[in-house]
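The values are calculated or read from the model by the stated rules, or taken from the named source; none is laboratory data. Model, not experiment: these values are computed from the prediction. Cβ coordinates were reconstructed from backbone atoms using ideal geometry, including for glycine residues, and neighbour counts include every protein chain displayed. SASA here: full protein model, heavy atoms, side chains in, ligands and nucleic acids out. Shrake-Rupley method; radii C 1.70, N 1.55, O 1.52, S 1.80 Å.
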Amino acid sequence: MGIARHLLAAVASLAALVIANTGNAAPPEYLPVANATIYPGDAISEAMLTDAAFPAGTSANFPVVTTHGEIAGKVARRTLLPGHLILRNAITEPAVVEKGSIVAAVYQDGELTITASVLALQSGALSQAIQVRNVDSGKVIVGAVQADGSVRIAAQ
């Protein structure tokens, strides 16, 4: 009987402690997660996302996406599982130039402008540096992807 009374008192004390600490706990943080599996290369739309509750401070302690605006319109670099946090390095900007496509390379130096057809050796997002091959000379050069799909070659 004595042991049962002490056990009951210990359980009651523990329950009171849990209830007291629950009132002081920070509210959960709601972060975007995939609502279905998103595979690498898939464009991410708003309809593919939902919010899930995570412990307070999650976004401050981990490099994760915190808003739908940060991820909608991007492309998955790796598989995103439903209900799991989305790391910032798991998404990327969509490619403006696709590997294997013929694009224009533009070199400008003052009034001089030279344009050539080049083969993209890499896919690239806006402002990303990619390698391209001049289709006439075969020379490989590096340029920055422009919004119009061309590649700007910097003066050396």
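Look at Ile102 and say whether it is open to solvent by 50 Å² or more (accessible area, probe 1.4 Å), at pLDDT 95 or above and more than 16 Å from Ala34 (Cα to Cα).
Against the criterion (open to solvent by 50 Å² or more (accessible area, probe 1.4 Å), at pLDDT 95 or above and more than 16 Å from Ala34 (Cα to Cα)), Ile102 qualifies.
One residue is enough: does region 70-90 have a residue meeting the conditions touching a strand residue (DSSP E or B) at 6+ places or on another chain (Cβ under 9 Å), part of a strand (DSSP E or B) and farther than 27 Å from Leu31 by Cβ?
no
Considering only region 91-114, state which residues are under 14 Å from Ala154 (Cα atoms) and part of a loop (DSSP other than H, G, I, E, B).
Gly110
Against the conditions (1) under 20 Å from the mean Cα position of the chain (by Cα); (2) on the phi > 0 side of the Ramachandran plot, where does Thr92 fall short? Just the number, please.
Exception for Thr92: condition (2).
Give the number of residues within region 55-69 that are open to solvent by less than 50 Å² (accessible area, probe 1.4 Å) and either part of a strand (DSSP E or B) or hydrophobic (A, V, I, L, M, F, W, C) (or both).
2
With respect to Gln146, determine if the residue is among the polar types (S, T, N, Q), farther than 30 Å from Leu31 by Cβ and crowded, with 16+ Cβ neighbours inside 10 Å.
Against the criterion (among the polar types (S, T, N, Q), farther than 30 Å from Leu31 by Cβ and crowded, with 16+ Cβ neighbours inside 10 Å), Gln146 qualifies.
Would you check if Gln131 is open to solvent by 80 Å² or more (accessible area, probe 1.4 Å), in contact with a Leu (Cβ under 6 Å, 6 or more places away or on another chain) and over 30 Å from Tyr30 (Cα atoms)?
yes
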